[in-house]
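Inspection log for the structure reproduced underneath, given as structure tokens.
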Amino acid sequence: MDNLIIEPGAIGTIKIGMSKDEVEACIQEYARKYQKEYHTRNYFKNVFRVEYDANRRVDFIEIPSSLKDEFNCLFYDIDVFNTKADDLVTRIDRISEYDRNHWELGYTYFFPELGLSLWRPIIFKEEYMEEDWFKEMCPENQEDEMRHLYFEAVSIAKRDVDQK
């Protein structure tokens, strides 16, 4: 499995400041190299969420955790979708501190100096697995809850812009 490198200013070959045409060329290259029969027609166009500023230049890039089935999604050699959320935040916080006052803290961790955000829809901690409400769930529901031990999306934005 190939690596998809997440770094300040870029996710893979898509970089902050690119034009729409440059992004489209990157996405076409991903499709050419990695498109599988079971993917939807515009799979890579859909999994790379890209937003543009007033000058039509990339100012935000986001990927979902479903890409972990296609790539090792790495930030400073840390697998962002296969590292538990609490561990991931601790490790990246050693590189650059997250915004302790972010309005969605716990769901979102924003590292302003890196332009990096980590997001999950539900806060779930390992200790919850010892609680009665969790143990009373059927195995399928337990598995669904345990997915929230990990982040579901990672994004890179311009460092001088707050998280969208």
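Data overview
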quantity: Nonlocal amide H pairs with PHE60, under 5 Å, H built at 1.01 Å; calculated: GLU51
quantity: Shape of region 38-132, Cα gyration tensor, a/c cut at 1.5; calculated: oblate
quantity: In the chain, lysine pairs with alpha-carbon atoms under 22 angstrom apart (chain gap of 8 or more, or interchain); calculated: 21
quantity: Positive-end extreme of charge dipole, the chain - chosen from TRP133, LEU88, PRO112 (charges on Cβ); calculated: PRO112
quantity: Degrees between helix 20-34 axis and first principal axis of the chain (Cα, 0 to 90, nearest 10); calculated: 60 degrees
quantity: Longest to shortest principal axis, alpha-carbon extents of region 46-92, angstrom; calculated: 37, 23, 16
quantity: Net charge over other residues, Cβ less than 12 angstrom from the Cβ of ILE27 (K, R count +1; D, E count -1); calculated: +1
quantity: About the Cα centre, charge dipole magnitude for the chain (Lys/Arg +1, Asp/Glu -1 at Cβ), debye; calculated: 860 debye
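Every read-out reported here was derived from the displayed coordinates using simple, explicitly stated rules and does not represent laboratory data. What you are looking at is a predicted structure, and each value in this text was computed from that prediction instead of being measured. Here the Cβ is made from the backbone with ideal geometry for all residues, glycine too, and neighbour counts use every protein chain on show.
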